[in-house]
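Written out below as structure tokens is the structure these notes cover.
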Amino acid sequence: MHILGISGSLRAASTNTALLRATRAHLPEGPTFSILPWRDVPLYDEDHESPPAVLAVREEVRAADALIIATPEYNHGVPGGLKNLLDQLSRPAFQSVLSGKPCGLLSASPSAVGGARAQQQLRAVLASVNAPVYPANEVLVGNSSTRFTDGELTDERTLSFLQAWLAGFTTWATRIRA
Ligand SMILES: Cc1cc2nc3c(=O)[nH]c(=O)nc-3n(C[C@H](O)[C@H](O)[C@H](O)COP(=O)(O)O)c2cc1C
């Protein structure tokens, strides 16, 4: 099984990208993991569908067995860049590479609710493309400024929660793909 990580934040010191690095380090034995580069994906324009950068990310997603999306919350919602990426991946309509792809959601934010509203919106977006989302406990890393040190997730309780979540997610995603 290959799991592809998608960060909703492009900034170099992103806590959400750090969550994906922690994911790589704490996956159970078996799956491989990589992080999708998507900085070059242009704004969706129905007059110019499928430019090369979009074809490239669609192929990476198609080749993955499961996705883990780690996202911040911007203005109580999904960051625009990530929503645009998902819109690009949703096309062609009814043939999306996201269809049937098991997804797990992570979020980190300095607020106490840890990106819960962004995750809720992501669930609705992914439902529209028939992508199943891991239904169990949500990984919401609130008060993120206290949980990361020098750009890495160092809070022991969060790390052990993430590790247990990854074990459950991997089992669930394997079953969905069977
Ligand atoms: C445009 C913008 C809007 C934001 N809105 C929210 C918000 O609604 N809720 C929240 O918890 N954090 C909000 N934040 C703070 C982000 O959660 C915070 O910057 C977070 O660390 C970004 O994730 P990253 O570390 O992965 O880049 C916002 C940040 C930006 C830049």
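The values are calculated or read from the model by the stated rules, or taken from the named source; none is laboratory data. Small disclaimer: the values here were computed from a predicted structure and weren't measured. Because the Cβ atoms are built from the backbone with ideal geometry, glycine has one as well, and the counts that use them run over all protein chains shown. Ligands, DNA and RNA are excluded from the accessible area calculation, which covers all protein heavy atoms including side chains. Shrake-Rupley method; radii C 1.70, N 1.55, O 1.52, S 1.80 Å.
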Helix 156-177 vs. the chain, principal-axis angle (Cα, 0 to 90°, nearest 10): 40 degrees
For LEU106, distant residues with modelled amide H under 5 Å away: ILE69, ALA70, THR71
Chain lengthening between GLU152 and ARG24 when straightened (0.36 nm per residue, less Cα-Cα): 44.9 nm
Carbon + sulfur, % of accessible area of segment 2-177 - ligands and nucleic acids excluded, 1.4 Å: 52 percent
Only Lys, Arg (+1) and Asp, Glu (-1) charged, at Cβ; segment 2-177 dipole about Cα centre in debye: 340 debye
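Given the -39500 (n - 2.57) contribution per DSSP H run of 4+ residues, what per-residue ellipticity at 222 nm results for the chain, rounded to the nearest 500 deg cm²/dmol? Before the final figure, lay out the partial values.
Numbers: 5 runs with 70 residues, N = 178.
That comes out to -12500 deg cm²/dmol.
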Solvent-accessible ranking of SER111, SER128, SER144, largest area first, probe 1.4 Å: SER128, SER111, SER144
Pair-distance profile P(r), taking every C-alpha pair of the chain, with 10 angstrom steps and integer %: 10, 41, 37, 11, 1
Helix 80-90 vs. the chain, principal-axis angle (Cα, 0 to 90°, nearest 10): 50 degrees
Relative contact order, percent, segment 2-177 [alpha-carbon distance under 8 Å, six or more residues apart]: 26 percent
Protection proxy ranking of 88-95, 71-78 - average other beta-carbon atoms within 10 Å, highest first: 71-78, 88-95
Local electrostatic count at ALA116 - Lys and Arg +1, Asp and Glu -1, tallied over other residues with Cβ under 14 Å: 0
Where Rh is the Kirkwood radius over Cα pairs, Rg/Rh for segment 1-69: 1.02
Amide hydrogen neighbours beyond the local backbone of GLU152, cut-off 5 Å, H modeled: none
Rounded accessible area per residue of segment 2-177, 1.4 Å, Å²: 48 Å²
Segment 2-177 - share of DSSP beta bridges that are antiparallel (%, nearest 5): 15 percent
Environment charge at GLU60 (Cβ cut-off 13 Å; Lys +1, Arg +1, Asp -1, Glu -1): 0
Segment 34-95 - convex hull of the alpha-carbon atoms, volume per residue in Å³: 104 Å³
